[in-house]
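Below is one structure, written out as C-alpha cells; the observations come after it.
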Amino acid sequence: MKKSAFTLLELVFVIVIISIMTVVMMPKTNDEPARDAANQLKRHLQYAQHLAMVNDVFDDTDASWVSNKWSVHIEGTKYSVRRSTDGTTGNYIYALDPASKKQLSTSTNITDLGDNFTISAISSSCGNIIMFDNLGRPYAFSTFSTDTDVKAGRLTTDCLISLTGDGTNSLFTIKKETGYIGDVNAS
C-alpha cells in the first residue's frame, strides 16, 4: 500500500501563501490621523469641485448666482459641503457623502475631524470658505455674503491647507488657476 503525503516543498509553498495573505489582510496599525483626515478633506473638496462643474448655476441675469455655488466651509475642526438654495444665508443644500449617503454638514459626525481623527486644527492660507465655479476654478473667502465681490475671491496664489493632530502635520495645496488639489504630504 502506498501512502501519500505532502512534500516539504509543498508545505513551504502553502506557508508562504498563508503568510502573504496574512500581511495583506492585516489591519493597518500605523495610523496617521492627520494624513487620513487631510485625505478625507481633500476628497470632499474634489467632490465639491465636481458638483460645481456638473451643477452649473451661472446666471448672468441674477446678481446672487455666486452664492449658489458649491463650497466647503471650514469651522474649527469641522467642515460642511453645501450650497445656498436661494442666494441667502441659512437655506442650504448639503452634499451627500457618496459612501454613507449622510449629509456633509457640521451637524453630522462624518466631517468632525476632531472627533474622528483627533485633529486639533485646520488652517487655510486662503480663508475658511472655498468655492468652485462651473469650470472648477477655486475661490476663497474668510466671510461671504450676497454683496461679496466674487472676482476678488478668485485665487491668485496657491492655497495651502494644513491639518494638525497628535503631533503630526499634514498639508495639501489647491492650485490657483486650475483648482487641482495636490497630494497630501505629512511632516
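The table that follows gives values for the structure above.
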{"quantity": "Thr173, sole failed condition from (1) outside any loop (DSSP other than H, G, I, E, B); (2) under 30 Å from Thr85 (Cβ atoms)", "calculated": "(2)"}
{"quantity": "Hey, Phe13 of a type in the set (Phe, Trp, Tyr) and at pLDDT below 85 or not", "calculated": "no"}
{"quantity": "Unique match (being surrounded by fewer than 11 Cβ atoms within 10 Å (Cβ to Cβ), polar (S, T, N, Q) and either out of contact with any helix residue (DSSP H, G or I) (no Cβ under 9 Å at 6 or more places or on another chain) or modelled with pLDDT under 90 (or both)) among Thr88, Thr106, Thr148, Thr143", "calculated": "Thr143"}
{"quantity": "Any pair with Cβ under 6 angstrom, 6 or more apart, that starts in region 32-45 at a residue that is under 13 Å from Ser120 (Cα atoms) and among the aliphatic types (A, V, I, L, M) and ends at one that is buried (at least 20 other Cβ atoms within 10 Å of the Cβ) and at pLDDT below 90", "calculated": "Ala34/Gly165; Ala37/Phe117"}
{"quantity": "Verdict on Thr178 being modelled with pLDDT of 90 or more, exposed (fewer than 13 other Cβ atoms within 10 Å of the Cβ), part of a loop (DSSP other than H, G, I, E, B) and within 19 Å of the chain's Cα centre (by Cα)", "calculated": "yes"}
{"quantity": "Every residue from region 122-140 that is assigned to a strand (DSSP E or B) and surrounded by 14 or more Cβ atoms within 10 Å (Cβ to Cβ)", "calculated": "Ile122, Ser124, Ile129, Ile130, Met131, Phe132, Pro138, Tyr139, Ala140"}
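The values are calculated or read from the model by the stated rules, or taken from the named source; none is laboratory data. Given the structure is predicted, the values throughout are model-derived calculations rather than measurements. Glycine gets a Cβ as well: all are built from the backbone with ideal geometry, and neighbour counts include every protein chain shown.
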